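> For reference, the structure I am asking about is given below.
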Amino acid sequence: MGFGVSLILIAVGAILYWAIDVSTKGIDINTVGVILMAVGAVGFVLSLVFWSSWGGWRRARRDVVVREDEPLYRDRS
């Protein structure tokens, strides 16, 4: 689960918890909202923790290869 999905789950959970005022039989909409917010928050935190290990915004590693049979600087005289 990435950042986007986590934020969507948190937003939908918040809407269900604070903005919807409907009483239904058999399911509590407020509880579903709390569960969605909790799952979204856990997913967001896990995405932050594993961001650096999966790539993230860090620069690509570049190796420098130095060949010993060629001089680094050539004399142009």
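Each row is one residue, and each column tells you yes or no for (1) modelled with pLDDT under 90; (2) under 31 Å from the mean Cα position of the chain (by Cα); (3) assigned to a helix (DSSP H, G or I).
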site: Met37; (1), (2), (3): no, yes, yes
site: Val42; (1), (2), (3): no, yes, yes
site: Leu48; (1), (2), (3): yes, yes, yes
site: Arg76; (1), (2), (3): yes, no, no
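> Moving on. Within the stretch 13-30, count every residue that is more than 23 Å from Phe50 (Cβ to Cβ) and either small (Gly, Ala, Ser) or within 25 Å of the chain's Cα centre (by Cα) (or both).
So the answer is 7.
> Hey, could you check the stretch 1-24 for residues that are among the small types (Gly, Ala, Ser) and part of a helix (DSSP H, G or I) and say which is most open to solvent (accessible area, probe 1.4 Å)?
Looking at the filtered set, the residue picked out is Ala19.
> Looking only at the stretch 25-41, count every residue that is without any contact (Cβ under 8 Å) to a residue 24 or more places away in the chain and either aliphatic (A, V, I, L, M) or buried (at least 17 other Cβ atoms within 10 Å of the Cβ) (or both) and tell me the total.
Going through the stretch 25-41 one residue at a time, the tally reaches 6.
The values are calculated or read from the model by the stated rules, or taken from the named source; none is laboratory data. Nothing here was measured: the structure is a model prediction, and the numbers come from that model. Using ideal geometry, Cβ is built from the backbone for each residue, glycine included, and neighbour counts are taken over all protein chains shown. With ligands, DNA and RNA removed, areas are computed over all heavy atoms of the protein, side chains included. Shrake-Rupley method; radii C 1.70, N 1.55, O 1.52, S 1.80 Å.
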